[in-house]
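Quick note: the coordinates plus some simple rules give every number you see, no bench work behind them. This is a predicted model, so every value here is computed, not measured. Note that we place each Cβ from the backbone using ideal geometry, even for glycine, and neighbour counts take in every protein chain shown.
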Amino acid sequence: MSPAQFQARIKRKEISPAYLFLGAEAYQGRRCREALLDTMLGPRERENGLAQYDLTEVSLAQVVDDARSLSLFAAQRVILVSNAEAALPRTKSDEEDDAHGPAAGGVGELAAYLKDPSPGVVLLFEATRFEFAGDEKKKLERVRKFYSAIAETVELARFSMDEARTEAQALARRAQIAVDPGALELLVEALGGDVARIAVEMEKLSLYCASGRSISEDDIAAMVPDARSTTIFALVNALGRRDRARGLELLDTLCREGEYLPLALAFLSTQFRLALVSKESGLRSSQQIVGHFSRAGVPMWGSRAEQIYQTVGKFSKEQLERGLKLIFAADRDLRSARPDDRIVMERFVLELTR
C-alpha cells in the first residue's frame, strides 16, 4: 500500500498486528510511523508502551518473544524494529555487501506468532536500506518475500522531482510562510528532491523569516550552505542504485548550480576511497567508521561517517574499485584538452551505471 493509504487506515483505526515498511524515503516513513504511534499510544503511554529493536544487534526471535509477552503497565504496545534486512539469510553477495548482522533467522517464529498475535501489540518492521530502483529493487523484493507472513506492506518510494516540489509547497503552507517560486525551485533542486531534508530546511526558514516577509533565493543560499554537497551525495546514492536517469538529473542540477565539476569529482573520489577502506576493514556501522578513521588520524564526524556507511551498503568491493578507476579516467580527461566538463562527467555516469 502507499503511505497515504496507510495513514488513511490508521486514521480509521484499522490497525493490523504487523507492518513492513519497504524503501528509503525517510520523510514518508517518519510520517507513517508517527501516525501509528499517535493512534496507538498517548504521550504518557509511550514510556511503557514503546519498545525499539535493531536487528543488527538482536535476533528476530527475541523480538517475537517480546511481542508475545504481556505488559502490566501498558494496555497497548508498539514494537519498532529497524534494519529489518539484517534478519535475511546470508547469500554469496551478502558476504561482499556485509549487509547482515547477528540477527539472521527467526522468520518461522514470526509466522507462527502472526497466526495468533498478542492483542494490543503492533510490530513495525522498517527495511529502509534499499530503494525501488536499479539492482536494489531485487533486494527489496527479497526482503518482501522473507517477511511474506506480514500481510501489510507500505512502500516508501522516493519522491520524483515534481512530487518533491508539490510537497515543498505543502510544507510551506503548513509552516505559514511565503516562498518565492524561484526560491522554492532552488531549494528543491539544491537538495536533490530529498523531502526529508527539505522539511528540515523549511522549518529553519520559518524561523529565519518569522517577520512574515517572503523567502527569496538569497535566503535559500544563506540558510542551506551545504546544499551542493548534499546533492553530490545524492548522486553517489543514485550511482550506487545504477539509477542512470536520476544520476544524470542530479548532474544537471549541479551544472545549473554552477558547481565546479572537478571539485564534485574530487568529493566522489574521497567518498569511494573511504568507503573502500571501510569495506575492506569490515566496518559495520557509522560509529565504527568514526573510531577507525579517528585512530588513523583522518578527520571524521558523525554525519560524514553515516554518508560513508551508506555508500558501503550501496557498492560491493569490486564496484568501488571499478568506480575509482572510472573516477581516475574522468579526472584525467577533465585536466586534458576536452570539449566540455559536463560531457566528461556524463560519460562517467553512463559507464558507472552499466
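Size of the dipole of the chain about the Cα centre, Lys and Arg at +1 and Asp and Glu at -1 on the beta carbon, nothing else charged, in debye to 20?
About 500 debye.
Please order 340, 333 by the number of other Cβ within 10 Å, starting at the fewest. List each step's numbers first, then the result.
Values: 340 10, 333 17.
Ordered from fewest to most neighbouring Cβ atoms within 10 Å, 340, 333 come out as 340, 333.
Which peptide among 115-127, 34-46, 290-302, 16-28 comes first, and what is the full order, when sorted by highest mean count of other Cβ atoms within 10 Å?
Output ranking for 115-127, 34-46, 290-302, 16-28: 16-28, 115-127, 34-46, 290-302.
Once you've got the GNM for the chain with C-alpha springs shorter than 10 Å, pick whichever of 304, 242, 158 has the biggest mean-square fluctuation.
304
Comparing 275, 74, 87, which has the greatest mean-square fluctuation in the GNM of the chain with Cα pairs linked when under 10 Å apart?
Result for the chain, Cα springs under 10 Å: 74 fluctuates most.
Could you give the dipole magnitude of the stretch 1-93 about its Cα centre, charging the beta-carbon of Lys and Arg +1 and that of Asp and Glu -1, in debye to the nearest 20?
Approximately 320 debye in magnitude.
With only alpha-carbon pairs counted, each pair once and no self-pairs, how large is the Kirkwood hydrodynamic radius of the stretch 3-155 in angstroms?
Over the stretch 3-155, the inverse of the mean reciprocal pair distance is 15.8 Å.
Which percent of Cα-Cα pairs in the chain sits in each 20 Å bin, short to long?
Spelled out per bin, shortest first, that is 27, 55, 18, 1.
Report the charge-dipole magnitude of the stretch 3-155 in Debye, nearest 20, computed about the Cα centre from +1 at each Lys and Arg Cβ and -1 at each Asp and Glu Cβ.
660
Gaussian network model of the chain, Cα springs within a sub-10 Å range: biggest mean-square fluctuation belongs to which of 320, 250, 171?
Between 320, 250, 171, it is 171 that shows the largest mean-square fluctuation.
Cα axis of helix 286-295 to longest principal axis of the chain: angle in degrees, 0 to 90, nearest 10?
Around 50 degrees separate the two axes.
Put +1 on the Cβ of each Lys and Arg and -1 on the Cβ of each Asp and Glu in the chain; which of 74, 239, 89 then has its Cα farthest toward the positive end of the dipole?
89
Taking R0 as 22 Å, what FRET efficiency do you get between residue 347 and residue 318 from their Cβ-Cβ distance, rounded to the nearest 0.05?
In this case the efficiency is close to 0.60.
Viscosity 1.306 mPa s, temperature 10 °C: what is the translational diffusion coefficient of the stretch 299-352 from Stokes-Einstein with a Kirkwood Rh over Cα pairs, rounded to a whole number of µm²/s?
Rounded to a whole number, D works out at 125 µm²/s.
Going toward the positive end of the dipole of the stretch 229-352, with +1 on Lys and Arg Cβ and -1 on Asp and Glu Cβ, which of 263, 319, 296 do you reach last?
Value: 296.
Helix 261-281: angle to the longest alpha-carbon principal axis of the chain, degrees 0 to 90, nearest 10?
So the inclination is approximately 40 degrees.
Put one equal scatterer on each alpha carbon of the stretch 40-89, apply the Debye formula with no solvent term, and list log10 I(q)/I(0) at q = 0.15, 0.19, 0.24, 0.30 1/Å to two decimals.
Debye curve over Cα of the stretch 40-89, log10 I(q)/I(0) at q = 0.15, 0.19, 0.24, 0.30 Å⁻¹: -0.43, -0.64, -0.88, -1.12.
How high is the relative contact order of the chain, in percent, counting Cα pairs under 8 Å that sit 6 or more residues apart? It would help to have the intermediate numbers written out before the result.
Values: 503 pairs, mean separation 58.1, N = 354.
Dividing the mean separation by the residue count of the chain yields 16 percent.
Would you compute, from DSSP H runs of 4+ residues alone, the mean residue ellipticity of the chain at 222 nm, taking -39500 (n - 2.57) per run and dividing by the full residue count, rounded to the nearest 500?
That comes out to -18500 deg cm²/dmol.
Treat the stretch 229-352 as a sphere of radius equal to its Kirkwood radius over Cα pairs and apply Stokes-Einstein at 10 °C in a medium of 1.306 mPa s; give the translational diffusion coefficient in µm²/s, rounded to a whole number.
107
Give the Rg/Rh ratio for the stretch 258-309, taking Rg as the radius of gyration of the Cα atoms and Rh as the Kirkwood radius, to two decimals.
1.03
Roughly how many Å is it from the Cα centre of the stretch 50-80 to that of the stretch 295-354, as a whole number?
If you average the Cα positions of each part, the centres end up 41 Å apart.
Output the 0 to 90 degree angle, nearest 10, between the alpha-carbon long axis of helix 26-40 and the longest principal axis computed from the alpha carbons of the chain.
20
Starting from the Cα of residue 185, step 7 Å along the direction of its Cβ; do the same at residue 288; then give the gap between the two resulting points in nm.
4.6
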